[in-house]
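What follows draws every value from the coordinates through simple rules; no lab data is involved. Just so it is clear, the model here is predicted, and its values are computed rather than measured. For neighbour counting, all protein chains shown are included, and Cβ atoms are generated from backbone atoms with ideal geometry for every residue, glycine included.
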């Protein structure tokens, strides 16, 4: 199934937010499905900053239980978490 | 039996409990017997490569059981180990390797290559964890399959056990030289004070290049307990960390406060209790009262200790937190000196002050103190004013409490700020900001100013929006007028250094951008 326009937007926004935190240079060549934790060193500050910016940009609340590796392993996974949160 | 060297506990434990788990990392573990043997092979291989007593050997690898064995093997060879930050740029590690003239290196294969690619001349021999060894190196597997055993190295307690590099004010890393005697003074004190037992399971949260790790490694072995490395991914996800603590049945935890603040804030600890912990130690920065109190409520079975000491003194004072502090209280004391350690408070005129409440620089004396900075005689004599004496640059004061006299940390000597002639403690401003219910993190900084001495700005972080005017009012309600920050910027999170401390250098840059210099005013 082709992703709809909102989902494409979402991927772009997540990428942009992540780039603001780790630097655009680091994200260059990282595909949406690539494993982030294998490709770069993400520390807890990055992660918490990312959570804050996702909450701010999308108006969602990321709970402690959402903060698990599966939801943050790729740009697509992060966008998926946001989709899920926005449906609620 | 009296021990003189930091690694002697391993051989003792291997004799007494050969089948007991010594170290666990990423799902793999080594018994004391296996660790002892692996360390012996490393020591033997290093000796065969020409490593001799007094040499330095780098450890540049992930926190694996091999890294633990490498550390013991290096010590057994008579050399000092130099842990290199596996996440730091290779160029910085090369700089450190050159600074202390590493004789050899134990490293992961990609990291050896990265180091060699920097072009810096760093240790052309050593042991590599990987399938292929570059020229001059042997693979870990070959070393372990060999029959080399470590010759008696003739090490004495005044020899160096390790060198820990910390960031230097001039931008060049400083190598803090810790002798066996210094390290063992700390470890022996810790084992006695905390009654560490063979059935204790120790977390290893801090990286090996950070001084908190020496407690995890050597106190665990000294007690005959098990040290368990927190997996990297687990450190990032607080709920996972809470679950990990429970599944590993950690009994002794030691970390920087910010890791614990994260656990309180995002760990859902009421649903994921961490009540296996009997001893909860923290050090490295001030633990915000609101998170400490919340942690004490969520994990009430543990005993809580604030440990204090710059890398140059291991840990030199300690304080048991018996009652949860209230948000507006002063930070918990740094406490009283460890065994065989003397703390002197010296005022600006150079007089030792003993009266409670008088501020002065903390000077630490005893066998717990480091030997100086590697290759930097100038800095060494400036801070290590006599053998076994270190001027911390930290301002403290004695405080009389019902159960005795304790030291309270006031601030950095070089963070002591004057504005318009008034003396200002930045920590006091931060404490005022923390009184706001929504504020999760606060930091005040002083921007040097030609006319005023300095201008005070503050940064606050909160999950929701904060009203700057309201924070300003809060400060005005609590602080003398001259201490009220001129701007209070709000952020989602305060920036942190790789070691987890609030990145004040970064904040100061931001503050400098925000502050309007008085000399530019009309």
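Listing for the model above:
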item	result
Antiparallel DSSP beta bridges within chain B, percent to nearest 5	60
Virtual spin-label span in nm between residue B:412 and residue B:135, 7 Å along Cα→Cβ	4.6
Helix B:180-193 vs. chain B, principal-axis angle (Cα, 0 to 90°, nearest 10)	70
Cα centroid separation - the stretch B:471-502 against the stretch B:255-314, whole Å	23
Scattering profile of the stretch B:332-414 at q = 0.10, 0.16, 0.17, 0.25 Å⁻¹ [log10 I(q)/I(0), Debye over alpha-carbon scatterers]	-0.25, -0.62, -0.69, -1.26
Cβ-Cβ FRET estimate between residue B:156 and residue B:399, R0 fixed at 45 Å, reported to 0.05	0.70
Convex hull (Cα only) mean projected area of the protein assembly as shown, reported in nm² to one decimal	30.3
Approximate spin-label separation residue B:356-residue A:16, in nm, with each point projected 7 Å along Cα-to-Cβ	5.9
Inter-probe distance in nm under a simple model that places probes 7 Å from Cα toward Cβ, at residue B:473 and residue B:509	3.5
Degrees, to the nearest 10: B:90-99 long Cα axis against longest axis of chain B	70
For chain B, alpha-carbon Rg relative to the globular expectation (2.2 N^0.38 Å, N residues)	1.00
Nearest-ten-degree value, helix B:257-266 long axis tilted from longest Cα axis of chain B	80
Peptide A:59-68, shielding by other chains (average Cβ, 10 Å cutoff)	4
Of all DSSP beta bridges in the protein assembly as shown, antiparallel share, percent nearest 5	60
